[in-house]
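One structure is given below, encoded as structure tokens.
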Amino acid sequence: MKILVCISSVPDTTSKINFTADKTAFDKNGIQWVINPLDEFALTKAVKLQESQGAVVTVLNVGEALTEPVIRKALAIGANEGIRINADPKDSFSVAKEIANVAQTGGYDLILCGKESIDYNGGAVPGMVAQLLNQPFVNACVGLEVNGGEVTAVREIDGGKETISVKLPAVIAGQKGMVDEKDLIIPNMRGIMSARTKPLHIQEATGSEVKVHGVSYDSVPARAAVKMVTPDNLDELVRLLHEEAKVF
Amino acid sequence: MAVFVYAENINGVYKKAAFEAVSYAKAVAEKTGETVTAISVNPTDSSDLLYKYGAEKVINIKDEGLKNFSAKAYAQAVSEVADGNVLVFPHTTDASSVAPMLAIMKNYSLITNVLEAPESISPFQVKRRAFSGKGFMHAKADTQGVIVTVSQNAFGVKENTVSGTEEVKNLTVTNEDTKVLSHEQSSGKLDLKEAEIVVSAGRGMKGPENWGMIEELANVLGAATACSKPVSDIGWRPHSEHVGQTGKAIAPNLYIAVGISGAIQHLAGVNSSKTIVVINSDAEAPFYKSADYGVVGDAFQIIPELTAKIKALKG
């Protein structure tokens, strides 16, 4: 079984987000880059399938050379090989086209991704890849088992969950629950050392069309100073919420 | 031409997000001088509910093959009836699964998580959520056709009653790739992303056995309950209640955070809330800097008292 795990390199979750002075781009200065946390659930699931079913796991990133440490980390976590498509990712469509291109030639049984990246929050790449490949797509997956030529996936729905069986090949976008947070793999020294010798293939991008451009960016406006209420004056809090904020 | 909107229903009943998406489509249509056509799959609710928010036409797709949700099959069905240049979807779990597939089918641009009415129509430019709520992006589509998904509780539901017509479209879409084995819908529980008020709690509650008072406060307010990441990681509360950067992003009118210190990752998921109340025993909790109202004190005393006072106010 061949699994392709698509990962995105994103600012660490503790990062403060700043934009350039002209507000036309994200300011990358001082940013630590990590594997998109939602992709990490998918990667861990793939490595578990590698252990239990002998799957071969390829990790794929569309990015410039600065994303390689993140790909190496994915290899240290347990992926067998890495592919970097040499491109500055511009929008969901162009990234999805590059991924679909690799997937088409690689003959993967299962494509796993996080349901969205925590930077641009498009949540569009997995579904676009599925459609480009004409494969079924399961989003917001919180449980996954492989049974021969199909998978049993548990997907989150608004206000509940649904268990479905899906024929392979398929594209599945995961989130927390696909594996538990405590089961996420922290690379050990052996993993880090072996990652150095695992193949990392670099392919030039096909240069797909870009359909959506980020024209400008804004920071979140600051709130007015907090109004403090003492615990012995909760009547005042209720009054403020009722009369000032008018929330109930 | 028309602005098309996908009116999502659950078991035939329209979601609040569907009304918000129709309201958004109406705002777009007012800018383009077009009408709004809503598309729904196997609804049982009356189309009058969609006319109320500005849909002049409702196309009800009837298909037994679409009884169970499949992103691919639903995208195929919507693709067969939607032919406007602007297609509006709610940013719900299901609709945001369909939209990317449809964008590829129709060769349209896709802009997700939009917050406001478009800044311009041609080219289509709109403000959207980015960086998990730590910033905003003004995104421009380079194609004439565009699909947007509207972030829940961002644009709001706006009544705009029109007289509409209904058309039933019988389709037969094949859905051979996926099969539903079981479906669990929590009954009587408010959907967290749709809730106007959310009561959320963190490790300060000391244990899952203490959540009764949080649920009681939520109950009095007609609110949904949520939790911080550590709480769902330990298993005190289900993953589905985790709000934050790697959980759900929400934008209720009122967010009450109890015993949550306010890590940057938590704030990312909740700072779109219109009003934030923070209750914490630690006066130095960073969350107060992002709150509208704060109380420093023992949640175990404050929450029952606050619940009683709100109950009394509501009679």
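The values are calculated or read from the model by the stated rules, or taken from the named source; none is laboratory data. For clarity, every value in this text was computed on a predicted model and none was experimentally measured. Cβ sites come from the backbone with ideal geometry, for glycine too, and all protein chains shown count toward neighbours. For accessibility, only protein heavy atoms count, side chains too; no ligands or nucleic acids. Shrake-Rupley method; radii C 1.70, N 1.55, O 1.52, S 1.80 Å.
Could you calculate, for chain A, the ratio of the Cα radius of gyration to the Kirkwood radius, expressed as Rg to Rh? List each step's numbers first, then the result.
Values: Rg = 21.0 Å, Rh = 19.8 Å.
Rg/Rh for chain A comes to 1.06.
Can you show me the helix-derived [θ] at 222 nm for the protein assembly as shown, built from DSSP H runs with n ≥ 4 at -39,500 (n - 2.57) apiece and divided by the number of residues, rounded to the nearest 500. Kindly include the intermediate steps, with their values, before the conclusion.
Values: 14 runs with 149 residues, N = 563.
Theoretical 222 nm ellipticity from helices: -8000 deg cm²/dmol.
Let me know the Rg and Dmax you get for chain B when you use only its Cα atoms, in Å.
Using the Cα atoms of chain B, the pair Rg, Dmax is 20.8, 61 Å.
List, in the order given, every pair from B:Lys72/B:Lys158; A:Lys211/B:Lys127; A:Lys48/B:Lys179; B:Lys72/B:Lys140; A:Lys16/B:Lys274; A:Lys28/B:Lys140 whose Cα-Cα distance in the structure shown is over 19 Å.
Values: B:Lys72/B:Lys158 30 Å; A:Lys211/B:Lys127 16 Å; A:Lys48/B:Lys179 25 Å; B:Lys72/B:Lys140 26 Å; A:Lys16/B:Lys274 21 Å; A:Lys28/B:Lys140 22 Å.
Cα-Cα > 19 Å for B:Lys72/B:Lys158; A:Lys48/B:Lys179; B:Lys72/B:Lys140; A:Lys16/B:Lys274; A:Lys28/B:Lys140; rest within.
Give the distance, in whole Å, between the Cα centre of segment A:71-95 and the Cα centre of segment A:42-65.
11
Could I have the simple spin-label model distance between A:Ala25 and A:Lys246, label points 7 Å from Cα toward Cβ, reported in nm to one decimal?
4.4
Can you give the convex hull volume of the alpha carbon atoms of segment A:1-108 per residue, in Å³? Write out the running numbers ahead of the final one.
Values: hull volume 10.7 nm³, N = 108.
It is 99 Å³ per residue.
Could you report segment B:86-148's accessible area per residue, 1.4 Å probe, as an integer in Å²?
Per residue, segment B:86-148 has an accessible area of 23 Å².
What distance in nm separates the two pseudo spin-label positions at B:Lys62 and A:Glu81, each 7 Å out from Cα along the beta-carbon direction?
Taking the simple label geometry, B:Lys62 and A:Glu81 are separated by 5.4 nm.
Under a 1.4 Å probe, what is the accessible area of segment A:56-196 per residue, stated in Å²? The partial results should precede the final answer.
Details: 4840 Å² over 141 residues.
Accessible area per residue, segment A:56-196: 34 Å².
Convert each backbone phi in segment B:148-162 into a coupling constant with the Karplus relation 6.51 cos²θ - 1.76 cosθ + 1.60 (shift: θ = phi - 60°), then list the ³J(HN,Hα) values in order as whole Hz, x for Gly and Pro.
In residue order, the calculated couplings are 10, 10, 9, 4, 5, 6, 8, 7, x, 9, 10, 5, 6, 5, 10 Hz.
Going by a ≥ b ≥ c, the root eigenvalues of the Cα gyration tensor, does segment B:19-130 fall in the rounded group (a/c under 1.5), the prolate group (a/b larger than b/c) or the oblate group?
Because a/c hits 1.5 or more and a/b fails to exceed b/c, segment B:19-130 counts as oblate.
To the nearest Å, what is the center-to-center distance of segment A:184-230 and segment B:263-315, using C-alpha atoms only?
Each part's Cα centre sits 31 Å from the other's.
Quick one, what does Rg over Rh come out to for segment B:92-219 if you take C-alpha atoms and the Kirkwood Rh? All intermediate terms of the calculation are to be shown ahead of the outcome.
Details: Rg = 19.9 Å, Rh = 18.9 Å.
Rounded to two decimals, Rg over Rh is 1.05.
Between B:Glu305 and A:Asn147, what is the spin-label point distance in nm, taking each point 7 Å from the Cα along the Cα→C-beta axis?
Reported label-point gap for B:Glu305 and A:Asn147 is 5.6 nm.
Just want to confirm a number: the relative contact order over segment B:28-170, from Cα pairs under 8 angstrom separated by 6+ residues, in percent. Before the final figure, lay out the partial values.
On the way: 261 pairs, mean separation 43.9, N = 143.
Reported as a whole number, the value is 31 percent.
Could you run the Debye sum over the Cα atoms of segment B:72-164, one equal point scatterer each and no solvent, and tell me log10 of I(q)/I(0) at q = 0.14, 0.20, 0.23, 0.24 Å⁻¹, two decimals?
-0.52, -1.01, -1.23, -1.29
Starting from the Kirkwood Rh over alpha-carbon pairs, what translational D in µm² s⁻¹ does the protein assembly as shown have by Stokes-Einstein at 4 °C and 1.567 mPa s? Numbers along the way, then the final one.
Details: Rh = 24.2 Å.
Once the numbers are plugged in, D ends up at 54 µm²/s.
Which angle between 0 and 90 degrees, to the nearest 10, do you get for helix B:299-314 versus the longest principal axis of chain B when only C-alpha atoms count?
Tilt relative to chain B: about 60 degrees.
Apply the Karplus curve 6.51 cos²θ - 1.76 cosθ + 1.60, θ = phi - 60°, to the phi angles in segment B:205-210 and return the couplings in whole Hz, x for Gly and Pro.
Result, ordered by residue: 7, 6, x, x, 5, 9 Hz.
Using only protein heavy atoms and a 1.4 angstrom probe, determine the accessible area buried between B and A, summed over both sides, in Å² to the nearest 100.
7200
Hull surface divided by four, with the convex hull built on the Cα atoms of segment A:64-211: how many nm²?
On the way: hull surface 39.1 nm².
In nm², the orientation-averaged hull projection of segment A:64-211 is 9.8.
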